[in-house]
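Following: one structure in structure tokens, then a few remarks.
The values are calculated or read from the model by the stated rules, or taken from the named source; none is laboratory data. Note that the coordinates shown come from a computational prediction; the quantities given were computed from them, not determined experimentally. Quick reminder, even Gly has a Cβ in these numbers, built from the backbone with ideal geometry, and neighbours come from all protein chains shown.
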Amino acid sequence: MKKLFLMAILATGMVAFAQENRRHQVESERIEQRMTRLTSDLELNEQQQADLKKLLEEQSEKREAKMAEMEKKRKTGVRPTDEEREAMQKERETAQKEFQTKLKSILTEEQFKKWEASSNERQEAMKKRKERRQ
């Protein structure tokens, strides 16, 4: 009986570890896909690719930390107040502006304009999909 219980605990631990590892792999795959798309769309040189990858990884780490924090709060059952939601929205906007500033320092002016245009197109497409779902 003790062996069975021990096996169940070990199996649970291995599954949890595998899921965490998978989440990290998925995020790294997402970064690689984004890098591939941006490299071809914007014709990035090697230095720009290295700088952009570092920026995307930094952004990903911050996002993961924020998501973990939100998940922790969600588990306690405490819902954010309106003020907290506003603060979170402002924080997201600030992070987005910071990302754009850093990206602008990596890209040429022409590349940045091209990136802005494609970014706006993606946002519009997302809005249309959201409207169709409602």
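Against the definition (under 22 Å from VAL26 (Cα atoms), free of Cβ contacts under 8 Å to residues at least 12 places away in the same chain and either surrounded by 11 or more Cβ atoms within 10 Å (Cβ to Cβ) or not hydrophobic (A, V, I, L, M, F, W, C) (or both)), how does GLU121 come out, yes or no? So GLU121 does not fit the description; no. Residues in segment 26-46 that are in a helix (DSSP H, G or I) and either basic (Lys, Arg) or within 10 Å of LEU107 (Cα to Cα) (or both): ARG30, ARG34, ARG37, LEU42. Scanning segment 14-27 for residues that are at pLDDT 60 or above and exposed (fewer than 12 other Cβ atoms within 10 Å of the Cβ) yields a total of 2.
Of note, ALA68 does not satisfy the criterion of being out of contact with any Pro (no Cβ under 6 Å at 6 or more places or on another chain), closer than 19 Å to SER105 by Cβ, among the small types (Gly, Ala, Ser) and without any contact (Cβ under 8 Å) to a residue 24 or more places away in the chain. Applying the set (1) at pLDDT below 90; (2) more than 26 Å from MET70 (Cα to Cα) to LYS130 leaves exactly one unmet item: (2). For the structure I just gave you, tell me whether ALA87 is of a type in the set (A, V, I, L, M) and either surrounded by 13 or more Cβ atoms within 10 Å (Cβ to Cβ) or within 18 Å of MET35 (Cβ to Cβ) (or both). Criteria not met by ALA87. Screening PHE99 on (1) surrounded by fewer than 10 Cβ atoms within 10 Å (Cβ to Cβ); (2) within 13 Å of the chain's Cα centre (by Cα); (3) of a type outside the set (Gly, Ala, Ser) shows it passes everything except condition (1). Here THR39 passes the criteria (1) of a type in the set (S, T, N, Q); (2) surrounded by 12 or more Cβ atoms within 10 Å (Cβ to Cβ); (3) within 14 Å of the chain's Cα centre (by Cα) except the one numbered (3). Among the numbered conditions (1) touching a helix residue (DSSP H, G or I) at 6+ places or on another chain (Cβ under 9 Å); (2) modelled with pLDDT of 90 or more; (3) over 19 Å from LEU38 (Cα atoms), the only one that ARG79 does not meet is (2).
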